[in-house]
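Have a look at the structure below, then the notes.
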Amino acid sequence: MTTLSITGGRVLGPDATVTRADVLVDQDTGEIVAIGDDLSGEETLDASNALVTPGFVNGHSHVAMTLLRGHADDKPLDSWLREDIWPVEAELTAEDIRIGAELGVLEMIKSGTTAFSDMYFEVEEIADVVDQAGVRALLGFTAITVGKDDEGARADMEESLEIARKLDGRADGRINTTFQPHSLTTVSEAYLDEFVPKAREAGVPIHFHANETVNEVEPIVDEHGVRPLEYATEKGLLEPEDFIAHGVHVDEREIELLAETDASVIHCPASNMKLASGMAPVQKLLDAGVTVGLGTDGAASNNDLSMLDEARDAAMLGKLAADDATAVTAETVVRMMTQGSADALGLDSGQLEEGAPADLAVIDLESPHLTPRHDLVSHLVYAAAASDVRHTVCDGQVLMRDRDVLTLEESAVLERAQEAAVALVGRADG
Ligand SMILES: [Zn+2]
């Protein structure tokens, strides 16, 4: 057994209690073997004056969109997509997507994220980056059928299925997959009827955007006479292993449906605020028993991939949405960004206990904005920043030690990304 110990820190337990303890990891199995006093391994990570937390699980992202970070801000979703995002995405090469994914995964490791769920294309490039970087991911190809002829639409749906079948279990099992109809308004009914049963046959969970903006709700009600999540249920899209991104505009019946079907919601507060999409009723969802995870969405609508920033946004926006300062507490948000997202994605990670995957982050507490230390759960949500993450471990392997990422070459990734992004926007502008 090759062992790693994380020593001298305070450990955030599954019940949000914080205790002084060391963590011992079996690097061969990638599991935590003990949490307690005086544990030593062959390799050691210093966690003194630090909090050891489960690695954060980013439940919804478009990781390669980092190349579009800051390219177009301050516009509503529809015109932002049509005028700024889609024209640039049309110019993306497989190489661009690899470079964008490297940048995104680098940012995730540096902000304590050890697993993410992604929607994009050229997914094999993203899978290679995940493999090299050492994180976990739930990947998939996003299918859109509207605006395409039958051949093009069918090709998209087939590819989403094919990629899900092909990449599942890659990177020593760190990669799993989902089938991804982009949304209920961008994939036509006939294709859902044909392909959703095929995804079930293949045993692949389904991840799609739903109820993100009001403009997405109305067309479904007009065309099908029911609310979007009623329609999704009719189409077989809300099984327990499935999850939707956003869930902003959901009514009482739709909240009930999510609870009844046991499908999960990934809340993306920063993206919802930036695009003025609305406020998801997070406390209502939680009170109804819905599993809620947290995600950053793409870097173009956030504009960073830090789950610590997302946590603060979730707590703040959750209170505003509920008109209640006691709603969406810090403890609730910590659960959402770890266990909640992990449950939604079907991962075993998300909590620190014996036998759990050794996916964790060590947060440095020695800084002005984290002093004094009354309540570390509060600090994690309301005050900690990505730059406070000292070490990141996934599957028992050290991905970042003392802010030095070991699996990706940071300066080269940054240089490649800057060059590729400038060239990309240049091509799109013609
Ligand atoms: Zn999205």
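Taking strands (runs of 3 or more DSSP E) that do not extend beyond region 17-64, which have at least 2 residues that are within 16 Å of the ligand (Cβ to nearest atom)?
Output list reads 56-61.
Considering every residue within region 58-70, establish whether at least one is farther than 30 Å from Leu275 by Cα and within 23 Å of the chain's Cα centre (by Cα).
Within region 58-70, not a single residue is farther than 30 Å from Leu275 by Cα and within 23 Å of the chain's Cα centre (by Cα).
Answer yes if at least one residue in region 228-251 is over 17 Å from Ala263 (Cβ atoms) and part of a loop (DSSP other than H, G, I, E, B), and no otherwise.
No; the residues of region 228-251 include none that is over 17 Å from Ala263 (Cβ atoms) and part of a loop (DSSP other than H, G, I, E, B).
Residues Val413, Val422, Val405, Val381: which one is closer than 18 Å to Leu45 by Cα, modelled with pLDDT of 95 or more and of a type in the set (Val, Ile, Thr)?
Values: Val413 fails: closer than 18 Å to Leu45 by Cα; Val422 fails: closer than 18 Å to Leu45 by Cα; Val381 fails: closer than 18 Å to Leu45 by Cα.
Val405 is the lone residue from the list that is closer than 18 Å to Leu45 by Cα, modelled with pLDDT of 95 or more and of a type in the set (Val, Ile, Thr).
Among the candidates Ala280, Ala325, which residue alone is assigned to a loop (DSSP other than H, G, I, E, B), hydrophobic (A, V, I, L, M, F, W, C) and either away from the ligand (no atom under 15 Å from the Cβ) or surrounded by fewer than 20 Cβ atoms within 10 Å (Cβ to Cβ) (or both)? So that I can check it myself, show each step before the final result.
Details: Ala280 fails: either away from the ligand (no atom under 15 Å from the Cβ) or surrounded by fewer than 20 Cβ atoms within 10 Å (Cβ to Cβ) (or both).
None of the others qualify; the one that does is Ala325.
Note down all Cβ pairs under 8 Å where the first residue falls in region 408-430 and is closer than 23 Å to Met108 by Cβ, the second is crowded, with 17+ Cβ neighbours inside 10 Å and of a type in the set (Asp, Glu), and they're at least six residues apart or on different chains.
Going by the 8 Å Cβ cut-off, the qualifying pairs are Leu408/Glu102; Val413/Glu102; Arg416/Glu102; Ala417/Glu102; Ala420/Asp96; Leu424/Asp96.
Checking the condition at pLDDT below 95 and either within 11 Å of the ligand (Cβ to nearest atom) or within 23 Å of Glu331 (Cβ to Cβ) (or both), which residue from Leu275, Leu285, Leu294 passes?
It is Leu275.
How many residues are assigned to a loop (DSSP other than H, G, I, E, B) and more than 15 Å from Asn211 (Cα to Cα) if we restrict to region 252-270?
Going through region 252-270, the residues assigned to a loop (DSSP other than H, G, I, E, B) turn out to be 262-263, 268.
Among the residues that remain, those that are also more than 15 Å from Asn211 (Cα to Cα) are: 262.
Going through region 252-270 one residue at a time, the tally reaches 1.
Scanning for something among the charged types (D, E, K, R), modelled with pLDDT under 95 and more than 19 Å from the chain's Cα centre (by Cα), does region 200-213 turn up at least one residue? Reasoning before the result, please.
Step one: filter region 200-213 for residues among the charged types (D, E, K, R), giving 200-201, 212.
From what's left, modelled with pLDDT under 95: none.
No, region 200-213 has no match at all.
Pull out all pairs, ordered by first then second residue, where Cβ-Cβ is under 9 Å, the residues are six or more apart or on different chains, the first lies in region 49-70 and is farther than 25 Å from Pro357 by Cβ and free of Cβ contacts under 8 Å to residues at least 12 places away in the same chain, and the second is outside any loop (DSSP other than H, G, I, E, B) and away from the ligand (no atom under 16 Å from the Cβ).
If the second residue must be outside any loop (DSSP other than H, G, I, E, B) and away from the ligand (no atom under 16 Å from the Cβ), no pairs are left.
When the residues of region 1-29 are filtered to those that are hydrophobic (A, V, I, L, M, F, W, C) and in contact with a helix residue (DSSP H, G or I) (Cβ under 9 Å, 6 or more places away or on another chain), which remaining residue is farthest from Ser48 (Cα to Cα)? Even if it seems obvious, please write down each step before you answer.
At the first step, the residues of region 1-29 found to be hydrophobic (A, V, I, L, M, F, W, C) are 1, 4, 6, 11-12, 16, 18, 21, 23-25.
If we keep only those that are in contact with a helix residue (DSSP H, G or I) (Cβ under 9 Å, 6 or more places away or on another chain) too, we end up with 12, 16, 18.
On the way: Leu12: 14, Ala16: 19, Val18: 14 Å.
Taking the candidates together, the pick is Ala16.
Within region 121-136, count every residue that is crowded, with 24+ Cβ neighbours inside 10 Å and either within 16 Å of the ligand (Cβ to nearest atom) or not in a helix (DSSP H, G or I) (or both).
Result for region 121-136: 5.
Can you tell me which residues in region 249-263 are surrounded by fewer than 24 Cβ atoms within 10 Å (Cβ to Cβ) and either within 16 Å of the ligand (Cβ to nearest atom) or of a type in the set (Gly, Ala, Ser) (or both)?
His249, Ala259
Do you know which residues across region 60-86 are farther than 13 Å from Gly298 by Cβ and buried (at least 16 other Cβ atoms within 10 Å of the Cβ)?
Matches in region 60-86: Lys75 only.
How many residues are within 16 Å of the ligand (Cβ to nearest atom), in a loop (DSSP other than H, G, I, E, B) and surrounded by fewer than 19 Cβ atoms within 10 Å (Cβ to Cβ) if we restrict to region 179-227? Spell out the reasoning first.
Taking region 179-227 as the starting set, the residues that turn out to be within 16 Å of the ligand (Cβ to nearest atom) are 179-187, 206-213, 215-216.
Then keep just the ones that are in a loop (DSSP other than H, G, I, E, B); that gives 182, 184-187, 211-213.
Retained after the next criterion (residues that are surrounded by fewer than 19 Cβ atoms within 10 Å (Cβ to Cβ)): 182, 186.
Total meeting the criteria: 2.
Has region 191-198 got any residue that is hydroxyl-bearing (Ser, Thr, Tyr) and in contact with a Gly (Cβ under 9 Å, 6 or more places away or on another chain)?
Our first condition is that a residue be hydroxyl-bearing (Ser, Thr, Tyr); within region 191-198, this holds for 191.
If we keep only those that are in contact with a Gly (Cβ under 9 Å, 6 or more places away or on another chain) as well, we get none.
Looking through region 191-198, none of the residues is hydroxyl-bearing (Ser, Thr, Tyr) and in contact with a Gly (Cβ under 9 Å, 6 or more places away or on another chain).
The values are calculated or read from the model by the stated rules, or taken from the named source; none is laboratory data. Bear in mind that the values here come from a model prediction, so they are computed numbers and not experimental data. FYI the Cβ positions are ideal-geometry reconstructions off the backbone, even for glycines, and counts take in every protein chain you see.
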